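The values are calculated or read from the model by the stated rules, or taken from the named source; none is laboratory data. Note that the structure is a prediction, hence the values are computed from the model and not measured. Note that we place each Cβ from the backbone using ideal geometry, even for glycine, and neighbour counts take in every protein chain shown.
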Amino acid sequence: MKNYYQKEVETASYEEIRQIQNEKIVKQVRYVYDNVPYYRNLMDKKGVSPDDIKSVDDIKKLPFLTKDDLREAYPYGLRGTDLKNCVRIQSTSGTTGKRVVAFYTQKDIDMWEECCARAIVAAGGTNEDVVQVCYGYGLFTGGPGLNGGSHKVGSLTLPMSSGNTDRQIQFMMDLDATILCCTPSYAAYIGESLAEKGYKPEDNKLKAGIFGAEPWTEEMRQGIEKSLGIKAYDIYGLTETSGPGVAFECEEQTGMHINEDHFYAEIIDPDTGEVLPEGSKGELVFTSLDKEGFPLLRYRTKDICILSRKKCSCGRTHVKMTKPLGRSDDMMIIRGVNVFPSQIEAVLLKEGYPPNYQIVVDRVNNSDTFDIYVECTPELFSDKVSEMQTQEKKLNLAMRSMLGIGPKIHLVAPKTIERSEGKAVRVIDKRKLH
């Protein structure tokens, strides 16, 4: 039996979805133009008015919004309604520049939590499940989003937040948690910690995991599924558009369904801004169709992916996005070669190494240095220098084959790379490239 949280919408025909989007976009553009002076100014500069937008086909006439706009308008410049109507803010972790602060009305929160509820139900969740949420709470959207979604489904919710792994495991085992929500790197760490405590995958009651907030590969998914004895589902979202639940995986695990009744997606050429046809690889752009507090139109995510309307066996009809295949901004260019951390992770997992690694890039005498520190498993680690050098050489060749460039590999002892209980810090770029 197929499970849906809101079946009529999730399985609506393309024509029905398009009608919902057309009605919402006309209202939303008028709402933004009337209530957000920052965006009204962008529209006026481009010579476009709300009257020019009659359907989502006209969305390409609108100007883009970027992270730079969000920083420039910080903190209140993109707010779409009076403060008295806003009930919460969430914020990005903001590693550079000003933080992004997103505002929510109660209606926005209800919509967001419904999207997360759809994701939980798609992963097999019901009101009989125990959902352990180990995403961070507070300003980070992960915890509050999945927490609210779990409440909507009616599941018993364990609002654990991240960290304190011993306590996570105690509650997981004592309260028979069935669905785990956290970053994939933390899920891998929990699996590792359970094994160290002598637990086998069948000893826990988990059946599914909903993992997002950082890039992860198919190989990493398989590793997590094996170590925890679960099915691992991807979830996607941005603080700018609400948080997790913008898109989610179903049982087919071949991409994430975008909640198209709330978010309109486009794929553009990152260099020209031209909208590309379905099936093209490019930068993902989102328009919030009914957000009130922080209503973004044509927001450039910098995530590179592909959209597909291929029929899905789960019965959901909403367009699917691939996992982000990299980013147009955090892609590293090393000695003229484009390098994505996800490529490095794929090689490590294929060669039998755990996904605990750190990439260090620097520039010495105008030439890039490229070092990868890789943690060994106890079986692979050896006191013999010659054995380690042989393994490093083999891994270097595998990396060169994947990347077209040879990094310097440093195999290090088990447990020497710091574990992350939130987003893993994979890349340290010491070059002054900006």
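Quick look at the values:
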quantity	calculated
Residue in the range 366-373 that is loosely packed, with under 12 Cβ neighbours inside 10 Å, free of Cβ contacts under 8 Å to residues at least 60 places away in the same chain and within 23 Å of residue 424 (Cα to Cα) present	no
Any hit, the range 110-132, residues being surrounded by 16 or more Cβ atoms within 10 Å (Cβ to Cβ) and over 21 Å from residue 3 (Cα atoms)	no
Any chance residue 161 is buried (at least 17 other Cβ atoms within 10 Å of the Cβ) and farther than 17 Å from residue 234 by Cα	yes
Any hit, the range 122-137, residues being among the aromatic types (Phe, Trp, Tyr), part of a helix (DSSP H, G or I) and outside the structural domain of residue 345 (by TED's automatic domain parsing)	no
Filtered residues of the range 397-420 (kept if in contact with a Pro (Cβ under 7 Å, 6 or more places away or on another chain) and closer than 20 Å to residue 343 by Cβ)	399
Residue 81 of a type in the set (S, T, N, Q) and either within 27 Å of the chain's Cα centre (by Cα) or at positive phi (or both)	no
Any hit, the range 97-105, residues being within 15 Å of residue 291 (Cβ to Cβ) and in a loop (DSSP other than H, G, I, E, B)	yes
Inter-residue pairs, beta-carbon under 8 Å, first within 22 Å of residue 250 (Cα to Cα) and in the range 10-21, second assigned to a helix (DSSP H, G or I) and at pLDDT 95 or above, 6+ apart	10/118; 12/20; 18/56
Residues of the range 120-157 that turn out to be hydrophobic (A, V, I, L, M, F, W, C) and within 24 Å of residue 87 (Cα to Cα), as a count	6
Residue that is assigned by TED's automatic domain parsing to the domain that holds residue 154 and surrounded by 15 or more Cβ atoms within 10 Å (Cβ to Cβ), where the choices are 19, 28	28
Matching residues in the range 86-113 - criterion: being modelled with pLDDT of 95 or more, of a type outside the set (A, V, I, L, M) and in contact with a Phe, Trp or Tyr (Cβ under 9 Å, 6 or more places away or on another chain)	86, 88, 90, 103, 104, 108, 112
Filtered residue count, the range 195-231, keeping only those that are in contact with a Phe, Trp or Tyr (Cβ under 9 Å, 6 or more places away or on another chain) and within 16 Å of residue 129 (Cβ to Cβ)	3
Sole residue being aliphatic (A, V, I, L, M), at pLDDT 85 or above and more than 24 Å from the chain's Cα centre (by Cα), chosen from 359, 334	334
In the range 257-293, the residues that are among the polar types (S, T, N, Q), over 17 Å from residue 67 (Cα atoms) and buried (at least 23 other Cβ atoms within 10 Å of the Cβ)	259
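This table checks each residue for (1) within 18 Å of residue 360 (Cβ to Cβ); (2) exposed (fewer than 15 other Cβ atoms within 10 Å of the Cβ); (3) at pLDDT 95 or above.
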position	(1), (2), (3)
388	no, no, no
396	yes, no, yes
403	yes, no, no
407	yes, no, yes
417	yes, no, no
421	no, no, no
426	yes, no, no
